[in-house]
Amino acid sequence: MTDYNPKDYYTYRLQRAKETILEVRTHIENEFWNTAINRMYYACFYAVGALLVKNGIETSSHTGTRQKFGQLFVKTGLVDRTLAKHFTDLFEKRHKGDYNDFYDYDKETVIPLLPLSEKLIERIEELLSE
């Protein structure tokens with residue numbers, strides 16, 4: 001097994017976030033609304049994970065990742081609360097869309113989520129470059 005240094009890991013995770021957010025447009029164009037939400041959530045999750053790794057923070061769950069992100073970056077004012085709320089909202093929507101039968105999102109729900117997801121990733125990229 002190869003050992004990666006933290007910079008390799010957070011650089012990789014940020015790249016995954018950027019690639020994944022690009023996938024969302026294809027899902028939207030094809031009206032795959034639940035998949036679009038899933039990919040938006042994971043794009044943001046990868047970016048948040050990168051930020052935590054850069055700062056030496058390990059988590060073992062999605063909930064732990066959200067909690068540490070809130071505690072260390074939102075409550076301190078480094079990330080706007082609106083973006084953090086968006087991340088939590090995506091988590092909840094992704095969970096419903098992935099696990100609840102007969103739960104389908106629509107265009108009106110999904111389209112407004114993309115700019116906030118992109119903004120969260122951009123903010124995290126700024127923090128990673130500091």
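When residues of the stretch 47-84 are filtered for being aliphatic (A, V, I, L, M), part of a helix (DSSP H, G or I) and in contact (Cβ under 8 Å) with a residue 12 or more places away in the chain, how many remain?
Summing the residues that are aliphatic (A, V, I, L, M), part of a helix (DSSP H, G or I) and in contact (Cβ under 8 Å) with a residue 12 or more places away in the chain in the stretch 47-84 gives 9.
Can you spot a residue in the stretch 37-49 that is surrounded by 13 or more Cβ atoms within 10 Å (Cβ to Cβ) and over 18 Å from K18 (Cα atoms)? If you could, list the steps in order and put the result at the bottom.
If we filter the stretch 37-49 for residues that are surrounded by 13 or more Cβ atoms within 10 Å (Cβ to Cβ), which is where we start, we get 37-49.
Now drop any that are not over 18 Å from K18 (Cα atoms), which leaves none.
Taking every residue of the stretch 37-49 in turn, none turns out to be surrounded by 13 or more Cβ atoms within 10 Å (Cβ to Cβ) and over 18 Å from K18 (Cα atoms).
Any idea how many residues of the stretch 106-126 are surrounded by fewer than 17 Cβ atoms within 10 Å (Cβ to Cβ) and either at pLDDT below 95 or over 22 Å from N30 (Cβ atoms) (or both)?
4
Pairs please, first residue from the stretch 27-46 and among the charged types (D, E, K, R), second anywhere and surrounded by fewer than 19 Cβ atoms within 10 Å (Cβ to Cβ), Cβ atoms under 8 Å, 6+ apart in sequence or on different chains.
From residues that are among the charged types (D, E, K, R), the pairs are E31/K107; R39/E23; R39/H27.
Being on the phi > 0 side of the Ramachandran plot and among the aromatic types (F, W, Y) is true for just one of F102, F87, F91. Which residue is that? Working first, answer last.
Working: F87 fails: on the phi > 0 side of the Ramachandran plot; F91 fails: on the phi > 0 side of the Ramachandran plot.
F102 is the lone residue from the list that is on the phi > 0 side of the Ramachandran plot and among the aromatic types (F, W, Y).
Out of all the residues in the stretch 89-105, which are of a type in the set (F, W, Y), in a helix (DSSP H, G or I) and exposed (fewer than 14 other Cβ atoms within 10 Å of the Cβ)? Please lay out each step first, then the result.
Of all residues in the stretch 89-105, those of a type in the set (F, W, Y) come to 91, 99, 102-103, 105.
Still in the running and in a helix (DSSP H, G or I): 91, 99.
If the condition is that a residue be of a type in the set (F, W, Y), in a helix (DSSP H, G or I) and exposed (fewer than 14 other Cβ atoms within 10 Å of the Cβ), then Y99 is the only one that fits.
The values are calculated or read from the model by the stated rules, or taken from the named source; none is laboratory data. A quick note: this is a predicted structure, and the numbers were derived from the prediction, not measured. Cβ: placed from backbone, ideal geometry, glycine included. Neighbour counts: every protein chain shown.
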